[in-house]
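*Asks:* One structure is given below, represented as structure tokens, and several questions about it will come after.
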Amino acid sequence: MAMGYSEKVRDHFANPRNVGKLENADGIGEVGNAVCGDIMKIYLKIDGDIITDVRFNTFGCGAAIATSSMATEMIKGKPISEALQLTNHAVVEALDGLPPAKLHCSVLAEEAVKAAVADYYRKKGLPIPEACVASCGGDCGHCCG
């Protein structure tokens, strides 16, 4: 992993932040891409409205690991409302870009975060936020199912 990847992508791949399973997670989101085989699982710990901890496990390429790592950094310590505003474009920008063939990894990171938030709301018996449904069009089976 070198050519075509920014220094930030290489750093988050080599030294991913927030890796691992979060026991007793308040929300868990798992998404995958059948074409490339990447699978992301994000775990959230939420206190009140704040994401106090976030972890991830990703099976996939270096870009998938880097986008997972960056996405967790971007939402940790933030209110749920801010996490729901996370976009794949913001993740790519924070990483100083991705090669076009790897942009789908940033989409998976966004969807995994929103699926974890949706799982939190579902466990609480609350309506799923529209931002979660809008991310997948309501038919992903992760946040709406």
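Read the figures in this text as sums done on the coordinates, not as results from a lab. All values reported here derive from a predicted model rather than from experimental measurement.
*Asks:* Which far-off residues, 5 or more places away or on another chain, put their amide H under 5 Å from the one on residue 51, with H placed in the peptide plane?
*Replies:* So residue 51 has HN proximity to 77, 78, 80.
*Asks:* Over all directions, average the projected area of the Cα convex hull of region 26-77 and note it in nm².
*Replies:* On the way: hull surface 13.4 nm².
Answer in nm², one decimal: 3.3.
*Asks:* OK, next. Taking a temperature of 20 °C and a viscosity of 1.002 mPa s, what whole-number D in µm²/s does Stokes-Einstein yield for the chain with Rh from Kirkwood over alpha carbon pairs?
*Replies:* Translational diffusion coefficient: 145 µm²/s.
*Asks:* Only Cα pairs within less than 10 Å get springs; with that Gaussian network setup on the chain, which residue of 81, 69, 106 has the largest fluctuation?
*Replies:* Looking only at 81, 69, 106, the largest GNM fluctuation is found for 81.
*Asks:* So, one more: Could you check what % of the DSSP bridge pairs in region 1-91 are antiparallel, to the nearest 5?
*Replies:* In region 1-91, approximately 95 percent of DSSP beta bridges are antiparallel ones.
*Asks:* Find the relative contact order for the chain and round it to a whole percent, using C-alpha pairs within less than 8 Å whose residues are 6+ positions apart.
*Replies:* Reported relative contact order: 27 percent.
*Asks:* Return the single residue from 20, 29, 37 with maximal mean-square fluctuation; model: Gaussian network over the chain, springs between Cα atoms under 10 Å.
*Replies:* Comparing 20, 29, 37 in the GNM, the peak value goes to 37.
*Asks:* As a check on your grasp of the helix formula, calculate [θ] at 222 nm for the chain: sum -39500 (n - 2.57) over DSSP H runs of n ≥ 4, divide by the residue count, round to the nearest 500.
*Replies:* One gets -12500 deg cm²/dmol as the mean residue ellipticity at 222 nm.
*Asks:* Which residue fluctuates most in the GNM of the chain (Cα springs below 10 Å): 117, 35, 54?
*Replies:* 35
*Asks:* Once you wrap a convex hull around the alpha carbon atoms of region 84-129, what is its projected area averaged over all directions, in nm²?
*Replies:* Average of the hull's projected areas for region 84-129 equals 3.2 nm².
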